[in-house]
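Enquirer: Sharing a structure, written as C-alpha cells. Questions coming.
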Amino acid sequence: MTLPYTLTLSCINHPGIVADVASYLAKNGANIVEAAQFDDPETGRFFMRLAFNFLGDDHFDQIKNGFSDIANTHGMDYHLRSPKEKKRVLILVSKFDHCLVDLLYRYRTGELPMELVGVAGNHPIEVLNKVDLQGIPYTHLPISEETKSEQETRLKELITKNDVDLIILARYMQILSDDMSEFVSGRCINIHHSFLPGFKGAKPYHQAHERGVKLIGATAHFVTSDLDEGPIIEQDVERINHFDSPDDLIKKGRDIERRVLARAISYYLEDRVLLNGSKTVVFSR
C-alpha cells in the first residue's frame, strides 16, 4: 500500500480555513484522499488532518515551500510530511519485554512505518532473553539514584545523535526527571498498566485483584513532568471476573498494553495525533 502525504494543522477557528487549504492543494495538483477536522468549542481552536496524493507529477516540494503564506494568513501551527520521511524512533525498555517484542514484530512486518534507530535499556541485553534484535543496536544505560543525572545525559546524547522523532517507553520502569521530561516533550509516549487514573505504584494487578475490579485496562499517553498524567492518546479495557487470579490479570494486562501502545504509536507515525493543551485530538481511522 502506498502511503499518502499528510498535512496537519491547528489554529484559532474562523471562516475560510478549509476552503483556502483545499484550494491551495488542488491548484498544486494534490488529490485529497482523507480529511478530518475538529472545532474545539472549549478553546476555540480548529484542528485538521488531510492525506493526499498526486494523480500526475509530484509537486510536494512546491506545496511545502508555498504553504507558509496560507499558514501565516491563518496563524497556523502546521506540519507537512512526505511518506518517504519516516519518523526516527528509539525504544526504551527495562525487564518487561512483551511490548518491545510486539513493536519489533509490527515494525518488521511493515505495520509500523518507522525507522527504528535502536533500543536502549537500564539493564544488560541478556535480561531480554526472549528478544531477537536482529542487528538493531542496543545501548545499555545503567542507572542508580546516584547516577540518574549522568544516565539521562547519555540518553539525551543518544536521542540527539540519532535525530530521534519519537521515544517509546515500552515498559521502561524509570521515572524521568523534570528536565528529561521537558527535553522529550511532545515526542515521548508511555504505556501505563492502568485505565488511568487508578492503581499506581507497585503490583497494580494485585491491587486490582484485591479490590475485585471487573475491568482492567491500559493507557498510552505523552510523557510530562506530572507522573502518568500526560495527554492521553489511546486506552482500552478488558472484562474480568472472580475466577481470574492475579496471574490471569497480568496475562490479560500484557495483551491490553501491547495493543494499546501499538495503536498509539501507529496514530503518531501517521500524524493522527495533535496536542490540544492537556488533551489530544486523535484522528483515528
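Enquirer: So if I check each of 225, 266, which one is under 19 Å from residue 171 (Cα atoms), at pLDDT 90 or above and small (Gly, Ala, Ser)?
Expert: When all the criteria are applied, what remains is 266.
Enquirer: Checking residue 229 against (1) outside any loop (DSSP other than H, G, I, E, B); (2) surrounded by fewer than 16 Cβ atoms within 10 Å (Cβ to Cβ), which single condition isn't satisfied?
Expert: In the conditions (1) outside any loop (DSSP other than H, G, I, E, B); (2) surrounded by fewer than 16 Cβ atoms within 10 Å (Cβ to Cβ), residue 229 misses (1) alone.
Enquirer: If I filter the range 22-29 for residues that are in contact (Cβ under 8 Å) with a residue 24 or more places away in the chain and touching a Ser or Thr at 6+ places or on another chain (Cβ under 7 Å), do I get at least one hit?
Expert: No, that holds for no residue.
Enquirer: Give the range 101-124 a look and list any residue that's of a type outside the set (A, V, I, L, M, F, W, C), under 17 Å from residue 169 (Cβ atoms) and in contact with a helix residue (DSSP H, G or I) (Cβ under 9 Å, 6 or more places away or on another chain), or say none.
Expert: Correct list: 102, 106, 118, 121, 122.
Enquirer: Would you call residue 162 in contact with a Gly (Cβ under 9 Å, 6 or more places away or on another chain), in contact (Cβ under 8 Å) with a residue 12 or more places away in the chain and farther than 24 Å from residue 259 by Cα?
Expert: yes
Enquirer: Also: Considering only residues that are assigned to a loop (DSSP other than H, G, I, E, B) and either at positive phi or surrounded by fewer than 15 Cβ atoms within 10 Å (Cβ to Cβ) (or both), which ones fall in the range 23-69?
Expert: Within the range 23-69, 29, 41, 42, 43, 44, 55, 56, 57, 58 qualify.
Enquirer: Oh, and also: Condition first: outside any helix (DSSP H, G or I) and either touching a His at 6+ places or on another chain (Cβ under 7 Å) or surrounded by 17 or more Cβ atoms within 10 Å (Cβ to Cβ) (or both). Now tell me which residues in the range 97-117 satisfy that.
Expert: Listed by number, the residues that qualify are 97, 112, 114, 116, 117.
Enquirer: Take residues that are modelled with pLDDT of 95 or more and hydroxyl-bearing (Ser, Thr, Tyr) and tell me which of the helices (runs of 4 or more DSSP H) falling wholly in the range 122-220 contain 2 or more.
Expert: 148-161
Quick grid of which residues meet (1) out of contact with any helix residue (DSSP H, G or I) (no Cβ under 6 Å at 6 or more places or on another chain); (2) farther than 30 Å from residue 276 by Cα; (3) not charged (D, E, K, R):
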site: 126; (1), (2), (3): yes, yes, no
site: 150; (1), (2), (3): yes, yes, no
site: 155; (1), (2), (3): yes, no, yes
site: 165; (1), (2), (3): yes, no, no
site: 186; (1), (2), (3): yes, no, yes
site: 211; (1), (2), (3): yes, yes, no
site: 227; (1), (2), (3): yes, no, yes
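Enquirer: Between 211, 254, which is surrounded by fewer than 17 Cβ atoms within 10 Å (Cβ to Cβ), more than 28 Å from residue 4 (Cα to Cα) and outside the structural domain of residue 48 (by TED's automatic domain parsing)?
Expert: Only one candidate qualifies: 211.
Enquirer: Something else now. For residue 246, state whether it is within 24 Å of residue 76 (Cβ to Cβ) and at pLDDT 80 or above.
Expert: It is false that residue 246 is within 24 Å of residue 76 (Cβ to Cβ) and at pLDDT 80 or above.
Enquirer: All but one of (1) under 15 Å from the mean Cα position of the chain (by Cα); (2) charged (D, E, K, R); (3) in a helix (DSSP H, G or I) hold for residue 251, so report the exception by its number.
Expert: (1)
Enquirer: Please work out which one of (1) more than 22 Å from the chain's Cα centre (by Cα); (2) within 18 Å of residue 92 (Cα to Cα) is the condition residue 202 fails and give its number.
Expert: (2)
Enquirer: Name, by its number, the condition in (1) among the charged types (D, E, K, R); (2) assigned to a loop (DSSP other than H, G, I, E, B); (3) buried (at least 16 other Cβ atoms within 10 Å of the Cβ) that does not hold for residue 85.
Expert: Checking residue 85 against (1) among the charged types (D, E, K, R); (2) assigned to a loop (DSSP other than H, G, I, E, B); (3) buried (at least 16 other Cβ atoms within 10 Å of the Cβ), the one that fails is (3).
Enquirer: What single numbered condition from (1) crowded, with 18+ Cβ neighbours inside 10 Å; (2) within 18 Å of the chain's Cα centre (by Cα) fails to hold for residue 185?
Expert: (1)
Enquirer: Counting only residues that are out of contact with any Lys or Arg (no Cβ under 9 Å at 6 or more places or on another chain) and either part of a helix (DSSP H, G or I) or without any contact (Cβ under 8 Å) to a residue 60 or more places away in the chain (or both), how many does the range 268-279 have?
Expert: Here the count works out to 3.
The values are calculated or read from the model by the stated rules, or taken from the named source; none is laboratory data. Since this is a predicted model, take the numbers as computed values, not measurements. Positions of Cβ are generated from backbone atoms using ideal geometry, with glycine treated the same way; all protein chains shown enter the neighbour counts.
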